[in-house]
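Enquirer: Structure in structure tokens, see below.
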Amino acid sequence: MDSLVQGFRDIQPQMRKNEVWRHVDFTSMLTDQLLLPKGERQTVEYRCNIPDLDAERLVIENGFFHHPQQQNEDGVVMAGLKDICHRREEFVRQYLGSCTPKQNPYLKYNSEHYTDGLFVYVPDGVRVKRPIQLQSVVNAGHGLFLQVRNLVVMGKDSCATIIHCDDSYDNAPAFANNVTEIYVGQGAQVEYYKLQNLNNSTGLLNHTYASMEQGAQFRSVAITLNGGHIRNHTEIRMLGEHCQVQAHGLYLNDQEQEVDNYVFVEHAFPNCHSQELFKGILDDQAHATFNGHVLVQYGATKTEAYQSNKNILLTDKALVNTKPFLEIYNDDVKCSHGSTIGQLDEQALFYIRSRGISERSARTMLLYAFCDEVLKQIYLEPLRERLTDLVKKRLHGELTLCSECALQCSTPCNGPEAHFYIDPSKL
Amino acid sequence: MLNSRKKHIGHKHCITNYLIQQMALLSIRNLHASIGDKEILKGVNLEINCGEVHSIMGPNGNGKSTLAGIIAGNTKYTVTQGEVIYKGKNILDMPVDVRAAEGIFLGFQYPVEIPGVSITNFMRTAVNEQRKYRGLDPLTGAEFMRLMEEKKKVVEMTTNLANRSVNEGFSGGEKKKNEIFQMAMLQPTLAILDETDSGLDIDALRIVATGVNKLRRPDNATVVITHYQRLLDYIVPDFVHVLYEGRIVKTGPKELALELEEKGYEWIREELEAKK
């Protein structure tokens, strides 16, 4: 086993004693099949199957960013992190690591060993019209141990939408310990969409750290459709007044997949607002964890913070550990937290069936309706439509004939997408 | 065509030729039902024929919605005694979606919100699943849209409303209009409307009632559950039943509704006690 893989593996036992990392155990995935990336490049062109999405597409292939540096007429810079570090070191050093005041060994490991990543700089007052799409693809033909570091710097009053996709290309095992830092300047707005559709032998520890200045807005939606073991570790700090945070997530998992969402939101100044909604459907022996932590500091008066996690378990063996958690040191706040683990609403089921719709179709419809609350949070329309379709396909069960399916997707089911499904009849 | 008829006859649930036997469309005999330990229906008897409109009135909490729920197939209630014969067959063991495909429709007192499912998709699924049950081919997109356009007129529904999620954020009036719209789409043989008039303003009441009247045919029947005579000004019943303490204690012509409106239910109670 490579010494870096071994080193990472050795951190784990100690980390699991920490409440925040308790359910994080990638040991079974950190095998000697994993090699360090050497800049393997394939001749394939990575297409994105989101119809009608006009985005600036950038690919990180096997841990390396191969595009040349780009700077458009508004001064927006998109480049490889290693490259920009080399050429504009002083500038990058101001921001790199600035969003991660609290260190943890996994983060440190990435800081020390990252291979490359995406760097985005949006100058003050620039509103980036086309969404920036970052595709992290694993396609080396053998197992890979990856550490990617991305940095996004949003200038004052700037605005951008970022789509971050993690895709597997084949069935080779992989493990990635990726870090994305997003610095949101004063009054800036960021929409950040994380999409994960990985094979079952891939592990992903996905850190997102956001630091927000006064009046900044940050929205993130993480959609996990498939993946062996995924941990979305998100830490958001509001370092000025009137900030707004929305962190939402949806996970649909089956077999022995594990998904773990950790969201830490810090309210350090008055008049900030945060909202979290995480929903999940678990089939087979899938395991999900939700760990939400909202910290309201002494000075953070007029804070509003809402936290919600809702789950549907389809089988007796599916498992959810959920812990919505508020830590409040101020009296003048409005906060709520809650979580539910349950089955479908019987009344709604009766209503749908009373129109002549079979029990199976009715359940599928309600499962989709359950997901829709999160999907609605995706404001980028082509992306929402595509994800809506993927969720529908994930839920469509064994109904391979589109005309018989209750959901009526806008594109027909075909190819390998239809092979994974969550079976509503087990409810 | 021939093929689809074969399927129709061959289906194990399909009820046919009840009309030939000249039976009532719905016949409820000595129906007792409870929810949990509480007995709600204590021996209901009711006969409904095709072409008729029946109104069921009565004070709150006396079993009107329970009766509607049992006919539609809500498993929340336990039937302890009696039978419900629809088209000549006891339907108590039939699942709710099969009853719907057999032509029973329940207009809900509190229609349920289903976010994320548009009315169009909801109805398309319902219409096509019912058609499949009857051995018919599903409607194509164009055929379905045409049907929908036609039926939207029945309740003066706007296109905007039809594209929204089922009942999500609808006003009371919109929800009830949507119920009648669904009834128009599904063309049931037996429609039970549970307090369709509650929460409606005068205009919405007129639209809903006119819609119900437009859907009346000699081969279907309607049961209207209501508290107020006002709805019956628009939907004129052939029979008015009073459901009181789990039994139908009085049946009369449409004038009975006027009498109830004027005198309340107290005199019914007195009349019952005098009988005892």
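Enquirer: Can you find a residue that is within 9 Å of chain A (Cβ to nearest Cβ), touching a residue at least 60 places away in the same chain (Cβ under 8 Å), in a strand (DSSP E or B) and at negative phi anywhere in region B:106-119?
Expert: yes
Okay, residues lined up against (1) of a type in the set (S, T, N, Q); (2) touching a Cys at 6+ places or on another chain (Cβ under 9 Å); (3) modelled with pLDDT of 90 or more:
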residue	(1), (2), (3)
B:Leu161	no, no, no
B:Asn178	yes, no, yes
B:Ile192	no, no, yes
B:Ser198	yes, no, no
B:Ile235	no, no, yes
B:Phe239	no, no, yes
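Enquirer: Among the residues of region A:367-381, count how many are of a type in the set (A, V, I, L, M) and facing chain B (nearest Cβ under 7 Å). Steps first, please.
Expert: Let us first name the residues in region A:367-381 that are of a type in the set (A, V, I, L, M), namely A:367, A:369, A:374-375, A:378, A:380.
If we keep only those that are facing chain B (nearest Cβ under 7 Å) as well, we get A:369.
So the answer is 1.
Enquirer: Looking at this structure, is A:Glu346 facing chain B (nearest Cβ under 9 Å), at pLDDT below 90 and out of contact with any helix residue (DSSP H, G or I) (no Cβ under 8 Å at 6 or more places or on another chain)?
Expert: yes
Enquirer: Return the residue satisfying two criteria in turn: it lies in region A:212-231 and is modelled with pLDDT of 95 or more and surrounded by fewer than 24 Cβ atoms within 10 Å (Cβ to Cβ), and of such residues it is nearest to A:Asp25 (Cα to Cα).
Expert: The selected residue is A:Arg219.
Enquirer: OK, next. Check B:Ala162 against each of (1) aliphatic (A, V, I, L, M); (2) over 26 Å from A:Leu375 (Cβ atoms); (3) away from chain A (no Cβ under 14 Å) and name the one condition it does not meet.
Expert: Against the list (1) aliphatic (A, V, I, L, M); (2) over 26 Å from A:Leu375 (Cβ atoms); (3) away from chain A (no Cβ under 14 Å), B:Ala162 comes up short only on (2).
Enquirer: Here's something else I'd like to know. (1) more than 22 Å from A:His267 (Cα to Cα); (2) not in a loop (DSSP other than H, G, I, E, B): which one isn't true of A:Lys323, the others all being true?
Expert: Against the list (1) more than 22 Å from A:His267 (Cα to Cα); (2) not in a loop (DSSP other than H, G, I, E, B), A:Lys323 comes up short only on (1).
Enquirer: Turning to a different aspect of this structure: I'd like the full set of residues that are at pLDDT 90 or above and at the interface with chain B (Cβ under 7 Å from one of its Cβ atoms), limited to region A:353-365.
Expert: A:Arg353, A:Ser354, A:Arg355, A:Gly356, A:Ile357, A:Ser358, A:Glu359
Enquirer: Continuing with the same structure: Find the residue count for region B:140-160, including only residues that are without any contact (Cβ under 8 Å) to a residue 12 or more places away in the chain and not in a helix (DSSP H, G or I).
Expert: Qualifying residue count for the region: 2.
Enquirer: Still on this structure, please answer the following. Pull up region A:306-351, narrow it to residues that are touching a Gly at 6+ places or on another chain (Cβ under 8 Å) and of a type in the set (S, T, N, Q), then point me to the one that is farthest from B:Ile119 (Cα to Cα).
Expert: Residue satisfying both the conditions and the ranking: A:Asn330.
Enquirer: Any residue at all in region B:44-64 that is at pLDDT 90 or above, within 14 Å of chain A (Cβ to nearest Cβ) and either surrounded by fewer than 16 Cβ atoms within 10 Å (Cβ to Cβ) or within 23 Å of B:Ile268 (Cβ to Cβ) (or both)?
Expert: Checked region B:44-64: no residue is at pLDDT 90 or above, within 14 Å of chain A (Cβ to nearest Cβ) and either surrounded by fewer than 16 Cβ atoms within 10 Å (Cβ to Cβ) or within 23 Å of B:Ile268 (Cβ to Cβ) (or both).
Enquirer: Go through region A:276-311 and give me each residue that's of a type in the set (Gly, Ala, Ser) and buried (at least 19 other Cβ atoms within 10 Å of the Cβ). Talk me through it step by step, then tell me what you get.
Expert: As a first pass, look at region A:276-311 and keep what is of a type in the set (Gly, Ala, Ser): A:280, A:286, A:288, A:292, A:299-300, A:305, A:308.
Answer for region A:276-311, where residues must be of a type in the set (Gly, Ala, Ser) and buried (at least 19 other Cβ atoms within 10 Å of the Cβ): A:Gly280, A:Ala286, A:Ala288, A:Gly292, A:Ala300, A:Ala305, A:Ser308.
Enquirer: Residue under question is B:Tyr110, and the condition is that it be surrounded by 21 or more Cβ atoms within 10 Å (Cβ to Cβ), of a type in the set (Ser, Thr, Tyr) and under 18 Å from the mean Cα position of the chain (by Cα); does it hold?
Expert: In short, no.
Enquirer: Looking at (1) on the phi > 0 side of the Ramachandran plot; (2) more than 8 Å from chain A (Cβ to nearest Cβ), which is the one condition that is false for B:Leu147?
Expert: (1)
Enquirer: Here is a further query. Can we say B:Glu261 is touching a Lys or Arg at 6+ places or on another chain (Cβ under 9 Å) and under 19 Å from B:Leu41 (Cα atoms)?
Expert: When the stated conditions are applied, B:Glu261 does not pass them.
The values are calculated or read from the model by the stated rules, or taken from the named source; none is laboratory data. This is a predicted model, so every value here is computed, not measured. All Cβ positions, even for glycine, are placed from backbone atoms using ideal geometry, and neighbour counts span all protein chains on display.
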